[in-house]
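The structure appears below as structure tokens.
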């Protein structure tokens, strides 16, 4: 069995060496039709477009993406071609929760945000939205939830869903956690567009860690210029890695699509794709995927909120990107160790 693997997927090499006859590690964005022609399986991330152009004429029959999102997979073509595919739902949800919580703690510390009087609207209440809710609840914020597809599907909703208009009216912070959906009853492409911005009542902070296209970046920049938003925290951008440097210069925090990049989340994703590969091949799952420990020099604070920012302060990632926006991909690919827990 020959497998092509994105060379930035961590913790995978020792285990995969035991599961496959031949493994080829390549930069995800440059994996080509020639590379995959004689491959049986692919293990990728969002930078590899798995479609007819890449796969037609190859012998690939299995694709695993070590990500929650799968809009880089042409699932219609994969189904027609008889290619099994899997993603890693929820793998880095708690990592995104950590990211959003740290952003709120910074706003409280540096911008005087009173968390006890803050309403956070969570748009999209799947694995990630629920993890964000869990991470924010101890801060004492009021939470509002919007997820029309889930609300429609659940006869007895486990959370009190609200219409998007209520979030626009009442939220001090809007945090987006939806998949990118371009068609159907509930599209999310440019969900936060110019009309959306002009219906915001409280000049909220806007946080996007979902997909870049969920928030219209031109409309976002105009909203910041017009004062419709108090500020923005943007981790996912339109046209990555060629992001708007003008917008980057205006946001409170701008990071290179790393909200889910804790070592814990990466280990979860790697474990999930290897489990799926073993299930597909019928092999026994005899591997352990554990993230590295924090260095011994790390001295945790007794204050839980100070400890949270010790473990992860997104200011570092934002400063690095603002200094070097052309290094967007390198900042992602060479991301340093980040743990969610001591």
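The values are calculated or read from the model by the stated rules, or taken from the named source; none is laboratory data. Not measured: the values here are computed from a predicted model. Backbone-built Cβ (ideal geometry, glycine too); neighbour counts: all protein chains shown.
Quick grid of which residues meet (1) within 23 Å of the chain's Cα centre (by Cα); (2) surrounded by 15 or more Cβ atoms within 10 Å (Cβ to Cβ); (3) free of Cβ contacts under 8 Å to residues at least 60 places away in the same chain:
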| residue | (1), (2), (3) |
| --- | --- |
| 229 | yes, yes, yes |
| 256 | yes, yes, no |
| 259 | yes, yes, no |
| 262 | yes, yes, no |
| 278 | no, yes, no |
| 312 | yes, yes, no |
| 316 | yes, no, yes |
| 321 | yes, yes, no |
* **Per-region count, the stretch 15-33, residues at pLDDT below 95 and either farther than 20 Å from residue 67 by Cα or outside the structural domain of residue 270 (by TED's automatic domain parsing) (or both)** => 5
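Hey, among the residues in the stretch 296-310 that are in contact with a helix residue (DSSP H, G or I) (Cβ under 7 Å, 6 or more places away or on another chain) and under 25 Å from residue 331 (Cβ atoms), which one's surrounded by the most Cβ atoms within 10 Å (Cβ to Cβ)? Spell out how you get there, then give the answer.
Taking the stretch 296-310 as the starting set, the residues that turn out to be in contact with a helix residue (DSSP H, G or I) (Cβ under 7 Å, 6 or more places away or on another chain) are 300-301, 305, 308-309.
Next, from what is left, pick out any that are under 25 Å from residue 331 (Cβ atoms): 308-309.
On the way: 308: 20, 309: 17.
Out of the qualifying residues, it is 308.
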* To do: Confirm whether residue 84 is more than 20 Å from residue 209 (Cβ to Cβ), more than 13 Å from the chain's Cα centre (by Cα) and in contact (Cβ under 8 Å) with a residue 40 or more places away in the chain.
  => yes
* Asked: For residue 332, all conditions in the list (1) modelled with pLDDT under 95; (2) in contact with a helix residue (DSSP H, G or I) (Cβ under 9 Å, 6 or more places away or on another chain) hold save one; what is the number of the exception?
  -> (2)
* Asked: Can you tell me which residue in the stretch 24-72 is surrounded by the fewest Cβ atoms within 10 Å (Cβ to Cβ), limited to those that are touching a residue at least 24 places away in the same chain (Cβ under 8 Å) and part of a strand (DSSP E or B)?
  -> 62
* Can you work out which of the residues in the stretch 63-84 that are under 26 Å from residue 332 (Cα atoms) and in contact with a helix residue (DSSP H, G or I) (Cβ under 8 Å, 6 or more places away or on another chain) is modelled with the lowest pLDDT? => 68
* Asked: Checking residue 240 against (1) outside any loop (DSSP other than H, G, I, E, B); (2) surrounded by fewer than 19 Cβ atoms within 10 Å (Cβ to Cβ); (3) touching a residue at least 60 places away in the same chain (Cβ under 8 Å), which single condition isn't satisfied?
  -> (1)
* Structure fact -> Within the stretch 289-316, the residues that are touching a strand residue (DSSP E or B) at 6+ places or on another chain (Cβ under 8 Å) and either at pLDDT below 95 or part of a helix (DSSP H, G or I) (or both) are 315
* With respect to residue 247, determine if the residue is in the same structural domain as residue 139 (by TED's automatic domain parsing), within 24 Å of residue 46 (Cα to Cα), assigned to a helix (DSSP H, G or I) and over 18 Å from the mean Cα position of the chain (by Cα). => yes
